[in-house]
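The next block holds one structure in the form of structure tokens; read it before the comments.
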Amino acid sequence: MVDVHAKISLTGGSDFWHTPAVAAADLPELMWTDGPHGVRKQSGSSDHVGINASEPATCFPPAVGLASSWDPELVEQVGVALGEECRALGVGVLLGPGMNIKRSPLCGRNFEYFAEDPLVAGELAAALVSGVQSQGIGTSVKHFAANNQETDRMRRDSQVDERTLREIYLRGFGKVVRKAKPWTVMCSYNKVNGTYASENHWLLTEVLRDEWGFDGVVVSDWGAVWNRVRALRAGLDLEMPANAGHEREVREALDAGEIDAGTIDQAYGRVEAVVRRAQASLADAPEDFDVDGHHALARRMAERCVVLLSNDGVLPLARETRVAVVGEFARTPRYQGAGSSRVNPTRLDNALDAITALVGHEVPFAPGFATAAGQQLADDAHEQAVAVARDADVVLAFLGLGENHESEGYDRDNADLPAEQLALLEDILAVNPNVVVVLSNGASVLLPFADRVRAIVEGWLLGQAGGAVLADVVYGVVNPSGKITETIPRRLADVPSSLHFPGDVSGVRYGEGLFVGYRGYDASGIYPAFPFGHGLSYTTFGYSDLALAATDAGVTVSLTVTNTGGRAGREVVQVYVSVPGSTVVRVPRELKGFASVALEPGASARVEIAISSDDLAYWSARDQAWVVEAGEYAVGVGASSRDLRLSGTVAVAGNEPVRPLALDSTVAEAMQVPAFAEIITGLAGAVFGEDPDLIRMMESIPLAALAGFGGQSLDEVQTMLDQVNATRS
Ligand code: GLC
């Protein structure tokens with residue numbers, strides 16, 4: 001039996017990365033470490049901020065890349081590999097996936113997050129969690145919640161209206177909790193509507209546990225706890241890293257009766273359960289993992305992540321094309337983000353070597369610009385690059401953001417590529433119009449040159465195998481199938497959140513509400529540079545024979561996809577839903593389903609996508625519930641949010657609650673209730689006569705006011721209401 005005082009030790013870390021052993025319970029210590037796209041196990045003793053050198057591990061594509069695959073099955077395989085590496089390295093909980101919504105391209109950590117849309121973020125994060133946990137290793141879905149910027153992240157108050165919070169910023173987390181049952185959830189640093197996430201009872205207990213049924217551990221982000229007593233009361237179980245002062249305060253609060261032993265027992269029990277589950281898997285863990293096999297998986301995954309944004313037909317290149325390669329990123333790849341997720345890769349492929357191998361000879365190369373702080377280049381690096389580009393058939397310009405341009409801990413203040421890269425591109429275009437841009441960046445960048453180059457390959461960040469994959473895509477060894485999961489804007493001012501990001505010391509107001517990402521662009525009619533869900537292929541696809549069916553579980557969408565081009569390829573089919581006659585505010589359309597299909601030239605396949613009622617529902621603040629509205633739903637199916645090839649409508653019965661009529665119900669609402677219609681017509685007629693314009697004017701009048709106009713007492717009207725409500729189920 002473990003004394004409650006001894007249990008307090010397990011409500012906090014013993015150092016930067018471990019939960020403590022509890023001798024009385026024969027419970028060993030356990031290592032919790034990052035994540036998310038590779039195991040970052042610090043070598044030797046941890047430093048005070050946990051970012052010195054780490055053990056070699058496979059660096060898979062960060063979430064920005066994984067998400068562009070729209071491929072839960074393959075993402076789950078990456079999760080399995082991550083679990084295997086955790087076991088070999090003695091790590092019990094992998095701190096990830098990160099899945100905060102990409103509210104602005106300026107967020108320094110967008111590379112570590114999946115999407116601007118909660119459905120695709122939730123599905124892919126759930127796949128990663130399932131994969132890791134299938135190996136008996138825990139995950140920590142983060143950062144819960146509304147941590148959508150790095151600016152002032154440890155204090156800033158995210159001020160989000162309830163419906164937006166539910167439908168956009170919490171929805172993906174809820175999907176992961178229900179679908180993949182993560183062992184732990186990591187609370188974020190920031191406040192959520194005035195209360196720090198680490199001590200936000202509504203968030204950590206009422207929503208996460210009471211509504212979603214989460215029964216695991218809530219662990220803090222590192223340093224996110226201001227007061228462990230308040231945090232434990234709110235539903236947090238584990239403060240990381242170690243904090244002796246906070247632990248002492250819990251002991252004092254227990255002795256003073258300011259926190260009950262049950263709360264400590266509960267937190268202890270949850271953490272103990274995670275430790276025992278993980279230790280059971282670590283007990284018989286192998287000493288190593290399949291380094292080559294995991295690298296091959298990282299490569300297969302990266303192949304699915306590359307997005308072909310534009311192509312006038314110049315790609316894929318023939319091997320004999322005389323190319324010039326410009327840009328240090330070709331030689332020194334940018335393949336992951338900076339900060340806590342930084343992995344020490346088992347190997348690192350670069351595009352330049354891969355191109356050399358593909359074409360069988362060295363190709364002209366010039367770095368052109370520095371990609372990391374302190375990098376020394378020749379004074380005439382710019383001129384050398386222009387000279388190398390001048391006579392080539394095609395120039396491959398590897399541009400992007402260096403590690404110091406975007407990172408955990410700070411946001412960008414613009415969405416531009418570095419000026420020296422843009423200047424070099426201009427000078428190259430001046431001597432050779434045949435330019436293909438290949439990008440390496442963790443978040444959207446503005447592409448003012450998009451109409452002046454022959455193709456753009458968006459590589460995002462692809463992990464350790466990405467360099468070779470970029471070469472394979474350029475030369476057609478791989479047919480790209482990735483689709484962007486964040487809108488690429490023409491101008492920063494077009495970003496729906498741009499007026500409200502990143503806020504100030506008083507907080508950050510999510511003033512765009514539901515209209516974040518493509519939802520906002522579609523509502524404002526602004527056409528971005530490249531819309532959410534966009535991605536080209538070296539083949540083409542036809543869509544036909546759409547069928548829609550409403551079922552008890554939601555709506556089933558089926559259609560035929562045909563490869564109408566000349567080479568094998570994979571298409572990501574997206575389903576967007578609108579509710580034209582809705583009685584509540586709606587965005588023009590929302591992603592509600594997706595599936596991918598691989599097809600040989602000329603082949604067709606029937607694709608079926610099931611949309612659950614949960615995903616069709618909106619959050620009704622007045623009902624304090626998820627509600628599926630009854631009515632005609634418009635369904636658009638296509639290759640991106642702006643390339644809808646088929647459309648149809650389907651009647652949905654919905655599950656709207658019977659809302660009793662009340663004195664503040666309007667005439668229009670009362671008229672919807674047949675039993676009340678004749679009463680209200682008489683009442684209204686007495687006031688407004690038969691004039692249709694006057695009748696129309698009265699529709700928005702509350703019954704209480706109408707009673708006053710008509711000389712009825714409120715009691716009389718209330719009695720009528722009670723009688724009518726009693727007849728309604
Ligand atoms: C960092 C990050 C979090 C990470 C943790 C441990 O501040 O916000 O994602 O898992 O601390 O490194």
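The values are calculated or read from the model by the stated rules, or taken from the named source; none is laboratory data. All of these numbers come straight from a predicted model, not from anything done at the bench. Ideal geometry is used to build each Cβ from the backbone, glycine not excepted, and the neighbour counts take in all protein chains shown. For accessibility, only protein heavy atoms count, side chains too; no ligands or nucleic acids. Shrake-Rupley method; radii C 1.70, N 1.55, O 1.52, S 1.80 Å.
When the test is whether a residue is of a type outside the set (Lys, Arg), surrounded by 15 or more Cβ atoms within 10 Å (Cβ to Cβ) and within 16 Å of the ligand (Cβ to nearest atom), residue 247 does not pass it. The set of residues from segment 468-517 being in contact (Cβ under 8 Å) with a residue 60 or more places away in the chain, not in a loop (DSSP other than H, G, I, E, B) and not basic (Lys, Arg) comprises 468, 469, 470, 471, 472, 473, 474, 488, 492, 498, 507, 508.
Does residue 376 qualify as being assigned to a helix (DSSP H, G or I), away from the ligand (no atom under 16 Å from the Cβ), open to solvent by 40 Å² or more (accessible area, probe 1.4 Å) and polar (S, T, N, Q)?
Details: assigned to a helix (DSSP H, G or I): no; away from the ligand (no atom under 16 Å from the Cβ): yes; open to solvent by 40 Å² or more (accessible area, probe 1.4 Å): yes; polar (S, T, N, Q): yes.
No: the conditions fail for residue 376.
Restricting the first member to segment 94-120 and to residues that are within 16 Å of the ligand (Cβ to nearest atom), and the second to residues that are basic (Lys, Arg), the beta-carbon pairs closer than 6 Å and six or more apart or on different chains are 98/142; 110/102; 113/102. Tally time: how many residues in segment 349-373 are out of contact with any Ser or Thr (no Cβ under 9 Å at 6 or more places or on another chain) and more than 18 Å from residue 322 (Cβ to Cβ)? Number satisfying all stated conditions: 6. For the criterion of being within 21 Å of residue 484 (Cβ to Cβ) and in a helix (DSSP H, G or I), residue 303 passes.
To keep it simple, each residue is scored yes or no on (1) part of a loop (DSSP other than H, G, I, E, B); (2) touching a strand residue (DSSP E or B) at 6+ places or on another chain (Cβ under 9 Å).
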residue: 412; (1), (2): yes, no
residue: 417; (1), (2): yes, yes
residue: 421; (1), (2): no, yes
residue: 430; (1), (2): no, no
residue: 436; (1), (2): no, yes
residue: 442; (1), (2): yes, yes
residue: 446; (1), (2): yes, yes
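Is it the case that residue 302 is touching a Phe, Trp or Tyr at 6+ places or on another chain (Cβ under 6 Å) and touching a residue at least 24 places away in the same chain (Cβ under 8 Å)? Step through it out loud before you land on a result.
Numbers: touching a Phe, Trp or Tyr at 6+ places or on another chain (Cβ under 6 Å): no; touching a residue at least 24 places away in the same chain (Cβ under 8 Å): yes.
When the stated conditions are applied, residue 302 does not pass them.
When segment 316-347 is filtered for residues that are crowded, with 24+ Cβ neighbours inside 10 Å and closer than 16 Å to residue 440 by Cα, the ones remaining, listed by number, are 325, 326, 327, 328, 329, 330, 333, 334, 335, 336, 337.
Filtering segment 250-265 down to residues that are in a loop (DSSP other than H, G, I, E, B) and open to solvent by 10 Å² or more (accessible area, probe 1.4 Å), which residue is nearest to residue 191 (Cα to Cα)?
First, pick out the residues of segment 250-265 that are in a loop (DSSP other than H, G, I, E, B): 256-260.
When the remaining residues are screened for being open to solvent by 10 Å² or more (accessible area, probe 1.4 Å), the result is 256-258, 260.
Values: 256: 28, 257: 27, 258: 24, 260: 25 Å.
Looking at residues that are in a loop (DSSP other than H, G, I, E, B) and open to solvent by 10 Å² or more (accessible area, probe 1.4 Å), I get 258.
I'm trying to understand the selection: among the residues of segment 234-254, which are under 29 Å from the mean Cα position of the chain (by Cα) and more than 19 Å from residue 155 (Cα to Cα)? Once the filter is applied, which keeps residues that are under 29 Å from the mean Cα position of the chain (by Cα) and more than 19 Å from residue 155 (Cα to Cα), segment 234-254 yields 235, 237, 238. Restricting attention to segment 687-717, the residues that are open to solvent by 60 Å² or more (accessible area, probe 1.4 Å) and not charged (D, E, K, R) add up to 8.
Listed conditions (1) at pLDDT 95 or above; (2) on the phi > 0 side of the Ramachandran plot are all met by residue 353, apart from (2).
Meeting the requirement of 3 or more residues that are acidic (Asp, Glu), the helices (runs of 4 or more DSSP H) wholly within segment 1-107 are 72-89.
Filtering segment 624-643 to residues that are within 28 Å of the chain's Cα centre (by Cα) and either among the aromatic types (Phe, Trp, Tyr) or open to solvent by 70 Å² or more (accessible area, probe 1.4 Å) (or both) leaves 624, 626, 633. Pairs meeting the criteria (first residue in segment 391-418 and touching a residue at least 60 places away in the same chain (Cβ under 8 Å), second residue acidic (Asp, Glu), beta carbons under 8 Å, at least 6 apart or on different chains) are 398/328; 407/150; 408/112; 408/150; 409/150; 410/150; 411/150; 412/406. Test residue 130 against the criterion of being open to solvent by less than 10 Å² (accessible area, probe 1.4 Å), among the hydroxyl-bearing types (Ser, Thr, Tyr), modelled with pLDDT of 95 or more and outside the structural domain of residue 623 (by TED's automatic domain parsing), and give yes or no. Against the criterion (open to solvent by less than 10 Å² (accessible area, probe 1.4 Å), among the hydroxyl-bearing types (Ser, Thr, Tyr), modelled with pLDDT of 95 or more and outside the structural domain of residue 623 (by TED's automatic domain parsing)), residue 130 does not qualify.
Can you find a residue in segment 139-149 that is out of contact with any helix residue (DSSP H, G or I) (no Cβ under 7 Å at 6 or more places or on another chain) and more than 30 Å from residue 80 (Cα to Cα)?
First pass over segment 139-149, keeping only residues out of contact with any helix residue (DSSP H, G or I) (no Cβ under 7 Å at 6 or more places or on another chain): 140, 142-143, 147-149.
From what's left, more than 30 Å from residue 80 (Cα to Cα): none.
Within segment 139-149, none of the residues are out of contact with any helix residue (DSSP H, G or I) (no Cβ under 7 Å at 6 or more places or on another chain) and more than 30 Å from residue 80 (Cα to Cα).
Give segment 267-300 a look and list any residue that's charged (D, E, K, R) and part of a helix (DSSP H, G or I), or say none.
Those that are charged (D, E, K, R) and part of a helix (DSSP H, G or I): 270, 272, 276, 277, 292, 299, 300.
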